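K.L.:
There's a structure below that I have some questions on.
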Amino acid sequence: MIYKFRILSSENADFLRDIEINSEQTFLDFHNAIQQSVGYDNSQLASFFLTNEKWEKEREITLMEMEQDDDYSKIVMDVSPISEFIKDEKQKLLYVFDFFAERAFFIKLIEIKNASTNIKYPVCTNIVGNAPSQLLAK
């Protein structure tokens with residue numbers, strides 16, 4: 001199945017990206033697609049957070065394995081298929097791209113559909129506005 005995600009920013013009202021990705025691809029594939037769509041340096045740390053309806057963080061999916069948490073082991077992007085964690089349309093995620101300033105994109109699953117045979121996923125299907133700068137100026 002193909003998941004279509006809408007990405008928004010609270011910093012720029014006219015910013016929007018739609019990314020379609022195969023549900024069996026990993027969060028690392030999704031991370032790279034987001035980074036490419038906004039022109040960011042993908043060597044910076046980033047994490048996805050599964051959230052509830054009020055955008056409150058629940059589970060973290062990290063770019064790389066850090067220290068072990070006592071409550072549960074960290075979920076790492078490169079070994080985590082999206083379908084393992086995202087099941088419902090309207091699922092919400094936060095994508096934190098600037099840890100020091102806690103800046104993030106708001107992501108919502110807006111459609112689940114069948115794959116098109118002539119498209120290589122992931123693909124950015126809608127680009128509106130400029131992305132906020134990756135890191136805040138000091």
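K.L.:
Which percent of the accessible area of segment 1-117 is formed by carbon and sulfur heavy atoms (probe 1.4 angstrom)?
P.N.:
Its accessible area is 46 percent carbon and sulfur atoms.
K.L.:
Then there's this: Just name one of Ile127, Thr62, Asn42: the one whose Cα is farthest towards the positive end of the charge dipole of the chain (beta-carbon charges, Lys/Arg +1, Asp/Glu -1).
P.N.:
Comparing the listed Cα positions along the dipole, Ile127 ranks first.
K.L.:
Hey, what number do you get for the chain at 222 nm if only DSSP H runs of n ≥ 4 count, each worth -39500 (n - 2.57), divided across all residues, to the nearest 500?
P.N.:
On the way: 1 runs with 12 residues, N = 138.
Value at 222 nm, helices only, nearest 500: -2500 deg cm²/dmol.
K.L.:
Another one. Rank Ser10, Ser23 by accessible area, highest first, at a 1.4 Å probe radius?
P.N.:
Correct descending sequence by accessible area is Ser10, Ser23.
K.L.:
Taking the Cα centre of the chain as the origin, how large is its charge dipole in debye, to the nearest 20, when only Lys and Arg (+1) and Asp and Glu (-1) carry charge on their Cβ atoms?
P.N.:
Charge dipole of the chain: 560 debye, to the nearest 20.
K.L.:
Can you run phi through the Karplus equation (6.51, -1.76, 1.60; θ = phi - 60°) for segment 104-112 and list ³J(HN,Hα) in whole Hz, with x for Gly and Pro?
P.N.:
Coupling constants for segment 104-112: 8, 9, 9, 10, 9, 6, 10, 6, 10 Hz.
K.L.:
Still on this structure, please answer the following. Give me a comma-separated list of calculated 3J(HN,Hα) values for segment 38-51, in order, Karplus coefficients 6.51, -1.76, 1.60 applied at θ = phi - 60°, integers in Hz, x for any Gly or Pro.
P.N.:
So the J values, rounded to whole Hz, are 10, x, 8, 7, 7, 7, 7, 5, 7, 8, 9, 10, 5, 10.
K.L.:
Averaged per residue, what accessible surface does the chain expose to a 1.4 Å probe, in Å²?
P.N.:
I get 56 Å² per residue for the chain.
K.L.:
Further question on the same structure: Tell me, in nm to one decimal, what length is gained between Gln36 and Glu58 on full extension, where the rule is 0.36 nm per residue of separation less the Cα-Cα distance? Write out the running numbers ahead of the final one.
P.N.:
On the way: separation 22, 0.36 × 22 = 7.92 nm, distance 2.60 nm.
This chain segment gains 5.3 nm when fully extended.
K.L.:
Taking amide H positions as placed in the peptide plane 1.01 Å from N, state which residues far from Ala46 in sequence (5 or more) or on other chains have amide H under 5 Å from it.
P.N.:
It is Leu63, by chain and number.
The values are calculated or read from the model by the stated rules, or taken from the named source; none is laboratory data. Just so it is clear, the structure is predicted and the values come from calculations on it, not from any experiment. Note: ideal-geometry Cβ built from the backbone for every residue, glycine included; neighbour counts use all protein chains shown. The protein model used for the area step is the full one, side chains on, heavy atoms only, and it has no ligands, DNA or RNA in it. Shrake-Rupley method; radii C 1.70, N 1.55, O 1.52, S 1.80 Å.
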